[in-house]
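Please find one structure pasted underneath; my questions will follow.
Taken together, the values in this text are just the output of simple stated rules run on the coordinates, not laboratory data. Since this is a predicted model, take the numbers as computed values, not measurements.
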């Protein structure tokens, strides 16, 4: 089998090639082994580790989540999260960050699902 090196998408150390996804930790996940990709929201205690993730389900029953970072300045995001009083502007910063990350993830999920569907007989 010939492996492709053509990069379709690249963000935050993750690379989507025609036949596989290479994560920022250099792990490879092959398209032929994937069942579907989707956007998932996870919340944890305190909400600090929660957020939106690209979730990939595999035919063997496993799943893997990939995190993508937004482009907003971290100082602005931390300020919005940790300001003690509620301010509409802070809420807008958090919403903008979540919106941007979800758009990135949806773009990746759509492209991965296209590649998965192209391999089906």
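Want the number for residue 41 to residue 62: 0.36 nm per residue separation, take away the alpha-carbon distance, what's left?
My answer for the length gained is 5.8 nm.
What does the extension gain come out to for residue 7 and residue 92, with contour length at 0.36 nm per residue minus their alpha carbon separation?
Residue separation times 0.36 nm, minus the Cα-Cα distance, leaves 27.3 nm.
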